[in-house]
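The values are calculated or read from the model by the stated rules, or taken from the named source; none is laboratory data. Computed from a predicted model, the values in this text were never measured in an experiment. As a convention, Cβ positions derive from the backbone with ideal geometry for all residues, glycine included, and neighbour counts pool all protein chains shown. Areas reflect the complete protein model, heavy atoms only, side chains present, ligands, DNA and RNA absent. Shrake-Rupley method; radii C 1.70, N 1.55, O 1.52, S 1.80 Å.
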Amino acid sequence: MASLGSVPDAPAALAVSRRIGAELVGLRRRLHGIPELGLHLPDTQAVVLEALAGLDLEVTLGTSLSSVVAVLRGRAPVSGERPVVLLRGDMDALPVSEQVDVDYVSQRPGLMHACGHDLHVAALVGAARILHELRDDLVGDVVLMFQPAEEGPGGAEPMIREGLLEAAGRRVDAAYAVHVYSADHPFGTWFGRPGTLMAAADEVLVTVHGLGGHGSAPDRARDPVPVACEIVLAFQTAVTRQFSIWDPVVLTVGRIASGTVNNVIPDDAVIEASLRTFSPEHRAKAHDVVTRVAEGVASAHGLTATVEIGNGYPVTVNDADEHAFARGVLVDLFGADRWADMADPEAGSEDMSFVLEQVPGAYLNVSACAHADHHDAEDNHSPRAAFDDAVVPDIAAALAELALRRTRHLAATD
Ligand SMILES: [Zn+2]
């Protein structure tokens, strides 16, 4: 692929986003009041459809989840195949009781948009409105992906199964997503990195099968408790001895459980762990190592262990060329002093990774920190995570501009 860095353009998207900015902020605050969890977000979906009404879009609703896929067709002439760019906004909230003092606070006890996905939805609606207004200049088509269940159990994968990547009639060429942060950087700073951006996260469940008995006669039982303890320690040894230190593996046992009282040897013990890896190779290897260590330690003591590893989200990888292109667009729009290169990936995970496994693209972050000093601010997922929605019009403009420029570049290189 040629360099994508330097397609000159007047930032018309920014002008439109500033004009409609107050409406986008209003939309975000309305969504903030009605957080919903998981795959089924009927109220959020209804608000999105209402906000998109009147735009010339081809809308498809999910069947197994409350997704909205909207295709916006550009009107600029295209000589070859029509380029297709995907823009994604996730829509779900978290089971968190909000402790932020704002007048648009969550109206649903125990639920909160604590990861800022309400800002993502408002910004993607904004991008739709900007691109609709500028569609005479849009060389190709844009797929708008309004996605449920990023926080779990995952909405991107079922959306792909339901035809997301072919929604425009042609496969998506490039995909972009933006995530807001409530801390880490001063308000308005964009940040990202090429290559590995976020970890793969898998859940590990080990059951050690022993044989219960009287605490006074362990030789007549098969005690799973010390074996489970040994497995926990052997996991940490395996992580440090079997994997390159330059491609980290994090294995955290968050729960170990067995037994009822002090003088009864229980039948079994369970270990629950979170496994985070930063490459597909180490992810696959870690699955093998965890299984072998648990089964092997149990076997050495005459017991058995069963290991279940729930396949979580894969590693999130930014295509190097797409990242460089996106970084260039953001610096053009907002200035180099609002961009920060990330030195390292993050250990969080993200199901946009399923899209980025199939389509080259870039996932960008932006600070929506509402505190004067970002060092004092609380992170995403905290009940006190506060997001300044003044950043929403910028995200809308960024998404729209990425689509405008990338489609034009694709058409030019077709
Ligand atoms: Zn999030």
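Of all residues in segment 376-389, those satisfying the criterion of being part of a loop (DSSP other than H, G, I, E, B) and farther than 19 Å from ALA22 by Cα are ALA377, GLU378, ASP379, ASN380, HIS381, SER382, PRO383, ARG384, ALA385. Can SER244 be described as open to solvent by less than 70 Å² (accessible area, probe 1.4 Å), under 30 Å from LEU197 (Cβ atoms), among the polar types (S, T, N, Q) and modelled with pLDDT of 95 or more? So SER244 passes the test. If only residues of segment 370-414 that are at pLDDT below 95 and hydrophobic (A, V, I, L, M, F, W, C) are counted, the one that is surrounded by the most Cβ atoms within 10 Å (Cβ to Cβ) is ALA377. Entry remark, segment 200-217: residues being out of contact with any Gly (no Cβ under 7 Å at 6 or more places or on another chain) and surrounded by 22 or more Cβ atoms within 10 Å (Cβ to Cβ) number 4 in total.
What pairs come out if I take residues in segment 164-180 that are on the phi > 0 side of the Ramachandran plot and assigned to a loop (DSSP other than H, G, I, E, B) and pair them with residues that are open to solvent by 40 Å² or more (accessible area, probe 1.4 Å) and away from the ligand (no atom under 16 Å from the Cβ) whose C-beta lies under 9 Å away, six or more apart or interchain? From residues that are on the phi > 0 side of the Ramachandran plot and assigned to a loop (DSSP other than H, G, I, E, B), the pairs are GLY169/ARG82. With respect to the conditions (1) polar (S, T, N, Q); (2) under 17 Å from the mean Cα position of the chain (by Cα); (3) part of a helix (DSSP H, G or I), SER299 falls short on a single one, namely (2).
Considering the conditions (1) away from the ligand (no atom under 12 Å from the Cβ); (2) part of a loop (DSSP other than H, G, I, E, B); (3) out of contact with any helix residue (DSSP H, G or I) (no Cβ under 6 Å at 6 or more places or on another chain), VAL139 is excluded by exactly one of them, (3).
Filtered by the rule that a residue be more than 12 Å from the ligand (Cβ to nearest atom) and open to solvent by less than 10 Å² (accessible area, probe 1.4 Å), segment 142-153 gives VAL142, VAL143, LEU144, MET145, PHE146, PRO148.
Quick grid of which residues meet (1) more than 16 Å from the ligand (Cβ to nearest atom); (2) touching a His at 6+ places or on another chain (Cβ under 9 Å); (3) assigned to a strand (DSSP E or B):
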| site | (1), (2), (3) |
| --- | --- |
| GLY310 | yes, no, yes |
| VAL329 | yes, no, no |
| ALA340 | yes, yes, yes |
| ALA343 | yes, no, no |
| SER349 | no, no, no |
| ASN365 | no, yes, yes |
| VAL391 | no, no, no |
